[in-house]
Amino acid sequence: QIYAFIETELNFAQAHLPASWDPSKFPGRVTSGVANGLLAKVYLMQQKWAQAMTAANAVVTSGQYDLSTPYSKIFGEDGENSKESVFEVQATATSAIPTANGVQYAQIQGVRGSGSWDLGWGWNTPSIYLEAAYEPGDPRKARTIMYTSAGSTTIYGDPLPSGLPNPRYNHKVYTNPSLRASIGNRFGYWMNIRLLRYADVVLMFAEAANEVGGEVNITAARNALNSVRARARQGAAAGVLPDVTATAQDALRAAIWHERRIELAMEHDRFFDLVRWGVAAEVLNASGKPNFSDAKDVLLPIPQAQRDLNSKLTQNPGY
């Protein structure tokens with residue numbers, strides 16, 4: 001019932017929202033592309049492959065988005081609201097108003113250090129399993145994982161100090177030091193949150209098209225996948241991230257799953273992908289979480305306050 005309601009709302013939204021707004025007046029305002037992108041994600045959760053393919057393709061063919069923004073630029077302040085952005089939470093900060101019009105997204109994940117390196121709480125750090133998943137030479141690794149070992153530098157060239165508590169931090173939320181200085185706040189309240197990127201939609205299209213099957217759709221899926229890899233390998237040595245040539249559905253599925261893990265790393269899609277693929281326990285048990293159980297942990301508990309309001313709400317299994 002909830003999924004049906006969400007589908008109805010998003011279908012209404014995509015039919016009535018404009019494809020774009022004047023960015024000088026309404027940056028980040030919801031568009032039909034946002035609605036179709038979210039609709040594709042909802043359909044994928046339910047394995048409604050044909051509908052997901054159609055919704056994602058509506059975004060791809062809208063002419064509003066593309067993969068022209070370099071991967072290294074997407075996550076910085078100068079990459080906000082680029083052609084890569086389908087849906088972004090808008091945040092801003094000034095020296096006069098350093099936090100009230102912003103968000104804590106960067107602070108929660110920022111480097112947990114001291115002095116000028118006290119940039120946040122240090123949550124959502126890259127795991128050794130993610131680190132090992134990158135193909136050799138993939139430029140996305142350097143933009144995703146910030147190492148704190150001796151000699152390491154950030155995307156802006158500043159050296160990491162010794163003695164930081166974690167060996168790795170999320171590099172995608174590292175803020176520009178000059179902005180920290182000019183605003184007089186080190187916690188990055190001005191950092192937009194990328195809720196839905198165009199590459200995510202392209203990979204959703206690839207996954208759905210591959211699952212629909214047939215030579216034409218599998219070819220379209222492979223081409224979509226390779227478009228994301230082509231952007232990713234910009235500036236890399238020859239032979240890095242070659243095009244995927246798989247023609248079999250199973251092999252292409254594995255390649256798409258891998259690409260989602262790497263392209264969207266640290267952006268909060270991984271868990272939900274694992275759940276909808278039906279491999280959450282298998283993967284997480286092998287990744288240092290032996291107590292994770294598909295029987296319970298793919299769902300959150302229903303809050304008791306809501307059950308008190310509605311006696312018909314039964315608790316989810318295991319709680």
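Every number here is computed from the coordinates shown, using simple stated rules; none is lab data. Values in this document were obtained by computation on a predicted structure and should not be read as measured data. All Cβ positions, glycine included, derive from the backbone under ideal geometry; neighbour counts span all protein chains shown.
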(request) Quick one: among ALA238, ALA220, ALA13, which has the greatest mean-square fluctuation in a GNM of the chain with alpha-carbon springs under 10 angstrom? (result) ALA238
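Taking 1 over the mean of 1/r across every pair of different Cα atoms in the range 9-72, what Kirkwood radius in Å do you get?
Result for the range 9-72, one decimal place: 12.5 Å.
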(message) What is the sum of charges, Lys and Arg at +1 and Asp and Glu at -1, for the other residues whose Cβ falls under 11 Å from the Cβ of GLY318?
(response) -1
(request) Determine the distance separating the Cα centre of the range 1-21 from the Cα centre of the range 142-216; give it in Å without decimals. (result) 30 Å
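Using a Cα distance threshold of under 18 Å, what count of lysine pairs results for the chain when pairs must be 8 or more residues apart or interchain?
Taking the Cα cut-off of 18 Å, the pair count is 6.
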(message) If the only charges are +1 at each Lys and Arg Cβ and -1 at each Asp and Glu Cβ, what is the size of the charge dipole of the range 105-180 around the Cα centre, to the nearest 20 debye?
(response) 120 debye
(message) Taking a ≥ b ≥ c as the square roots of the Cα gyration tensor eigenvalues, with a/c under 1.5 meaning rounded and otherwise prolate when a/b beats b/c, else oblate, which class fits the range 161-319?
(response) oblate
(request) Add +1 for every Lys or Arg and -1 for every Asp or Glu among the other residues with Cβ under 11 Å from the Cβ of LEU38, and state the total. (result) -2
(request) Kindly write out, for the range 14-20 in residue order, the coupling ³J(HN,Hα) from the Karplus curve 6.51 cos²θ - 1.76 cosθ + 1.60 (θ = phi - 60°), rounded to whole Hz, with x marking Gly and Pro. (result) 5, 7, 10, 7, x, 6, 7
(request) Using a cut-off of 14 Å between beta-carbons, work out the net charge of the residues near ARG222 (Lys and Arg +1, Asp and Glu -1, ARG222 not included). (result) -4
(request) With springs connecting C-alpha atoms under 10 Å apart, model the chain as a Gaussian network and identify which of LEU179, LEU309, LEU300 has the largest mean-square fluctuation. (result) LEU309
(request) Measure of size requested: the Rg and Dmax of the chain, with Cα atoms as the atom set and Å as the unit; please supply both. (result) 20.6, 62
(request) Report the residues of the range 253-277 in range of a label on SER287: point 7 Å along Cα→C-beta, backbone N strictly under 13 Å from it. (result) 257-277
(message) Run the helix sum for the chain: -39,500 (n - 2.57) per DSSP H stretch of 4+ residues, divided by residue count, reported at 222 nm to the nearest 500 deg cm²/dmol.
(response) -12500 deg cm²/dmol
(message) So if I take the alpha carbon set of the range 51-205, get Rg, then get Rh from the Kirkwood formula, what is the Rg over Rh ratio?
(response) 1.00
(request) Whole Å is fine, so just give me how far the alpha carbon centre of the range 74-123 lies from that of the range 259-302. (result) 26 Å
(request) Please give the FRET efficiency for ALA133 paired with ALA248, using the beta carbon to beta carbon distance and R0 = 25 Å, rounded to the nearest 0.05. (result) 0.70
